[in-house]
Amino acid sequence: MKAKTKSKKQRSSLAKQRAVATLSRMRNRSESLSKAARALRTTPRTVRKLVGKQLRRSASGRYTATRNDRLKREINVFGVEGYEPVTVSSSKQAQLASHHLIAVNRFLRTGDREWLRPFRAKRIAGVELLTDPKRIREFAEADLVKLDGLYRNHRAAMDIANSRARAWTA
């Protein structure tokens with residue numbers, strides 16, 4: 001039986017996701033380009049090709065990531081209607097969405113509403129971030145809070161969660 005192969009578009013999309021993840025890892029962990037690329041199963045050459053403008057080369061030849069970038073990312077934002085797929089155009093917006101999911105997780109573990117306060121009335125790509133404790137608990141009780149569901153490569157899990165949310169809220 002012939003093995004399934006991914007299309008060129010799918011491979012390209014995965015390469016781009018790995019390159020952006022490498023950039024993020026370089027920022028967050030202060031790792032070298034080669035170490036971060038190796039950890040994410042890509043090559044430094046691919047990363048330089050796909051996100052090269054977000055890398056700076058020092059006089060010694062070492063690459064470092066810029067503080068921010070304007071790369072487009074497809075992410076899921078946890079809003080009032082559940083997870084909503086959006087395209088953001090900066091690392092700051094993606095970071096805000098990530099921090100929001102972390103705060104939701106901490107709220108669910110501790111019950112402390114203060115974790116949600118910084119996100120009140122904040123929007124990402126037109127989607128208002130969910131900060132209502134009652135609504136968050138309702139989603140959690142219905143098993144609709146997926147804390148690893150920020151990036152859209154978790155699309156299948158998000159589709160299931162959103163279909164449950166639509167059925168649950170109807």
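The values are calculated or read from the model by the stated rules, or taken from the named source; none is laboratory data. For clarity, every value in this text was computed on a predicted model and none was experimentally measured. Positions of Cβ are generated from backbone atoms using ideal geometry, with glycine treated the same way; all protein chains shown enter the neighbour counts.
Things to note:
- Qualifying residue in segment 88-100 (condition: in a loop (DSSP other than H, G, I, E, B) and free of Cβ contacts under 8 Å to residues at least 60 places away in the same chain): yes
- Among (1) over 18 Å from the mean Cα position of the chain (by Cα); (2) without any contact (Cβ under 8 Å) to a residue 24 or more places away in the chain - the single one Ser32 does not satisfy: (2)
- The residue of segment 60-93 that is modelled with the highest pLDDT, among those that are of a type in the set (Gly, Ala, Ser) and touching a helix residue (DSSP H, G or I) at 6+ places or on another chain (Cβ under 8 Å), is Ala65.
- Scanning segment 113-148 for residues that are assigned to a loop (DSSP other than H, G, I, E, B), surrounded by 14 or more Cβ atoms within 10 Å (Cβ to Cβ) and either more than 19 Å from the chain's Cα centre (by Cα) or not charged (D, E, K, R) (or both) turns up Leu116, Ala125, Leu130, Thr131, Ala142, Leu144, Val145.
- Selection within segment 21-37 - closer than 17 Å to Gln95 by Cα and in contact with a strand residue (DSSP E or B) (Cβ under 6 Å, 6 or more places away or on another chain): Leu23, Met26, Arg27
- Leu50 being touching a residue at least 12 places away in the same chain (Cβ under 8 Å) and out of contact with any Pro (no Cβ under 7 Å at 6 or more places or on another chain): yes
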